[in-house]
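Notes follow the structure.
The values are calculated or read from the model by the stated rules, or taken from the named source; none is laboratory data. Remember, it's a predicted structure, so these values are computed and weren't measured experimentally. Please note: Cβ atoms are built from the backbone with ideal geometry, for glycine as well, and neighbour counts cover all protein chains shown.
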Amino acid sequence: METYDVIIIGSGPAGLTAGIYTARANLKTLCIAGNTWGGQLMLTSLVENYPGFPEGIQGPDLMMNMRKQAEKMGVEIIDQDVTKVDFSKPPYKSYTSDKTYQSYSVVVATGAEFKWLGLPNEQKLIGRGVSACATCDAAFFKDKKVVVVGGGDAAMEEALYLTKFASEVTIVHRRDSFRASKTMQDRVFANSKIKVIWNSEVTDVLGENKVEGVTVKIQDSRSNIQCDGVFVAIGHTPATKIFAGQIDLDVRGYAKKEQESRGIFIAGDVHDHIYRQAITAAGYGCEAALDAERWLGENK
């Protein structure tokens, strides 16, 4: 069986950046990209905060550019899901539905998935007014009305950030109190642009080609709220299920970075639950690749 120097699992900004660096270092690199490759940016429309694109760039176009660059450098990419791994001893094994691949080192860059409300129209309007990242998309809602769904620190942060652009921010929360820290709550309650609808849930997102409002259920009644954007802030799920028992995870399921001593390197949102930006993910991918190159030089 052929043994790669590095197998990268995941193909978002972290994984593809890692591949660009490892391939340039003349390391034989395989990226197992997933059946749905490209990460969260494939669900994003205009990206204005990634350096180098003064006019912005569509999320899928940015990812296609990264993929082409990685392939040009010599990264072998296969669009399949990894179904299980065996990291008990090197060479490490990564399994897809029909084949086994092995490598001296691994970069885990599987990212994290947004938790969504599960509403049909919500999914249809992602990138057309439905978002899960205020840092990414708030600027598109200048002087517009938006709704934020959630009650934790992330929801408070989203709402506060949105007040820099939106004319009005409405937080819809299913309980009668937030679970966010008191400091974050105090900031929200002190902001005149933010209002809260308690004991309620969004049951539908309105609009055909873009968000035009939401339907909110309050006890037994329903009412429509006009808005231009819906920001879902109910958490993330790191894509680490296949790594249980194979790498170190924290209590929330995020991968711990301190695993380099055995040639396992972690990059991007699979461990980063704070920043969650394409540029930071790419930075972590670079870091993982450089660490892998150094480790292979010392241990291969």
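Looking at Lys124, Lys145, just one residue is outside the structural domain of Gln259 (by TED's automatic domain parsing), under 21 Å from Pro60 (Cβ atoms) and of a type in the set (Lys, Arg), and that residue is Lys124. Being part of a strand (DSSP E or B), surrounded by fewer than 13 Cβ atoms within 10 Å (Cβ to Cβ), of a type in the set (Ser, Thr, Tyr) and in the same structural domain as Asp137 (by TED's automatic domain parsing) is a property that holds for Thr203. With the condition kept exactly as written, say whether any residue in segment 67-84 is assigned by TED's automatic domain parsing to the domain that holds Leu27, within 19 Å of the chain's Cα centre (by Cα), part of a helix (DSSP H, G or I) and crowded, with 18+ Cβ neighbours inside 10 Å. Taking every residue of segment 67-84 in turn, at least one turns out to be assigned by TED's automatic domain parsing to the domain that holds Leu27, within 19 Å of the chain's Cα centre (by Cα), part of a helix (DSSP H, G or I) and crowded, with 18+ Cβ neighbours inside 10 Å. Take Val196 and tell me if it is in contact (Cβ under 8 Å) with a residue 24 or more places away in the chain and in contact with an Asp or Glu (Cβ under 9 Å, 6 or more places away or on another chain). Answer is no for this residue.
Selection over segment 91-129 of residues that are outside any strand (DSSP E or B) and small (Gly, Ala, Ser) gives a count of 6.
Among the numbered conditions (1) at pLDDT 95 or above; (2) in contact with a helix residue (DSSP H, G or I) (Cβ under 6 Å, 6 or more places away or on another chain), the only one that Asp153 does not meet is (1).
For the subset of segment 15-27 comprising residues that are out of contact with any Cys (no Cβ under 9 Å at 6 or more places or on another chain) and touching a residue at least 40 places away in the same chain (Cβ under 8 Å), which member is surrounded by the fewest Cβ atoms within 10 Å (Cβ to Cβ)?
Step one: list which residues in segment 15-27 are out of contact with any Cys (no Cβ under 9 Å at 6 or more places or on another chain), which gives 22-27.
After this cut, where a residue has to be touching a residue at least 40 places away in the same chain (Cβ under 8 Å) as well, the list is 22-25, 27.
On the way: Thr22: 33, Ala23: 23, Arg24: 15, Ala25: 18, Leu27: 23.
Among those that are out of contact with any Cys (no Cβ under 9 Å at 6 or more places or on another chain) and touching a residue at least 40 places away in the same chain (Cβ under 8 Å), it is Arg24.
When the residues of segment 30-47 are filtered to those that are closer than 20 Å to Ile242 by Cβ and polar (S, T, N, Q), which remaining residue is surrounded by the most Cβ atoms within 10 Å (Cβ to Cβ)? Once the filter is applied, the top-ranked residue is Gln40.
Does Tyr95 count as over 30 Å from Val147 (Cβ atoms) and touching a residue at least 40 places away in the same chain (Cβ under 8 Å)? Judged against the criteria, Tyr95 is not a match.
Scanning segment 121-155 for residues that are surrounded by fewer than 16 Cβ atoms within 10 Å (Cβ to Cβ) and small (Gly, Ala, Ser) yields a single hit, Ala139.
Test each condition in (1) buried (at least 20 other Cβ atoms within 10 Å of the Cβ); (2) assigned to a loop (DSSP other than H, G, I, E, B); (3) not basic (Lys, Arg) for Pro54 and report the one that comes out false. Tallying (1) buried (at least 20 other Cβ atoms within 10 Å of the Cβ); (2) assigned to a loop (DSSP other than H, G, I, E, B); (3) not basic (Lys, Arg), Pro54 fails exactly one: (1). As for segment 177-191, it holds no residue that is under 25 Å from the mean Cα position of the chain (by Cα), modelled with pLDDT of 95 or more and among the basic types (Lys, Arg).
Just the residues that are assigned to a strand (DSSP E or B) and either among the charged types (D, E, K, R) or out of contact with any Ser or Thr (no Cβ under 8 Å at 6 or more places or on another chain) (or both), please, taken from segment 161-200. Don't jump to the end; show me each part of the working.
Our first condition is that a residue be assigned to a strand (DSSP E or B); within segment 161-200, this holds for 168-172, 194-197, 200.
Residues satisfying the conditions are Glu168, Thr170, Ile171, Lys195, Ser200.
Residue by residue, here is whether (1) touching a residue at least 60 places away in the same chain (Cβ under 8 Å); (2) under 23 Å from Pro91 (Cα atoms); (3) not assigned by TED's automatic domain parsing to the domain that holds Val146 holds:
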residue	(1), (2), (3)
Gln219	no, no, no
Ser223	no, no, no
Cys227	yes, no, no
Lys241	no, yes, yes
Ala244	no, yes, yes
Asp250	no, no, yes
Lys257	no, yes, yes
Gly263	yes, yes, yes
Ile266	yes, yes, yes
